[in-house]
Amino acid sequence: MPLPVADPKLPPIVFLNTSLLNSSASVQALLALHIEFYPYYVVANEDRLTRDQVVDALIRDGLAFVVDSLHEVWSLASVSAVSPDARIGAWARQQPSPREPFSFLVIEDARNCGATSDTHLADYTVFCDVPCGFDDDALSQARLILRSQIPINESPSGMKHR
């Protein structure tokens, strides 16, 4: 089921499994995506950590740019749906005010592929192997997914910045 065309002036949302940022190369690949699209991040891990614990871990791992761009509803852990599809849908419905259609990307562990591959999220998901993490191949795929949601006459550089 295709999503409505996203408002290109709104930053995309990246639902991020932080366990895939397991090397300096992974951090650099995510930083390249960040510089191009300036997304908001929502931590998609199932760990029930506090925001302070997540922020400390992200900073320790060289991801201060993710901390600076955490969405105000920063985690999927509080969403009580089972499937990734349902969790992201529930997250979107919990937003404080209705939003225009937004572009998004899911960066997920390949071991969770079965839970997402049969849903409409599959076309918006980059599945990464844990040993490799979010590498240059995943970065290329992520760029294609986000660019496919932006109307042809728009560019990510026209997005509203925080």
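General observations
- With K and R counted +1 and D and E -1, the other residues having a Cβ less than 10 Å from that of LEU20 yield a net charge of -4.
- Ordering TYR124, TYR41 by the number of other Cβ atoms within 10 Å of each residue's own Cβ, fewest first, gives TYR124, TYR41.
- The slack between ALA57 and ALA110, meaning 0.36 nm per residue of separation minus the straight C-alpha distance, is 16.9 nm.
- Using θ = phi - 60° in the Karplus curve 6.51 cos²θ - 1.76 cosθ + 1.60, the 3J(HN,Hα) couplings for segment 21-33 round to 9, 9, 7, 5, 5, 5, 4, 5, 5, 5, 4, 4, 5 Hz; x is entered for Gly and Pro.
- Residue-span extension gain [ARG93 to ARG147] - 0.36 nm each, minus C-alpha spacing: 17.0 nm
- For segment 133-144, 3J(HN,Hα) computed residue by residue from phi via the Karplus equation (6.51, -1.76, 1.60; θ = phi - 60°) reads x, 7, 9, 4, 5, 5, 4, 4, 5, 4, 4, 4 Hz, glycine and proline entered as x.
- Charge tally in the Cβ shell below 14 Å around LEU58, where Lys, Arg are +1 and Asp, Glu are -1, LEU58 excluded: -3
Read-outs throughout are calculated quantities, based only on the coordinates presented, and are distinct from any laboratory measurement. The model shown is predicted, which means the values in this text are computed figures rather than measured ones. Heads up, the Cβs are rebuilt from the backbone with ideal geometry, glycines too, and the neighbour counts pull from every protein chain shown.
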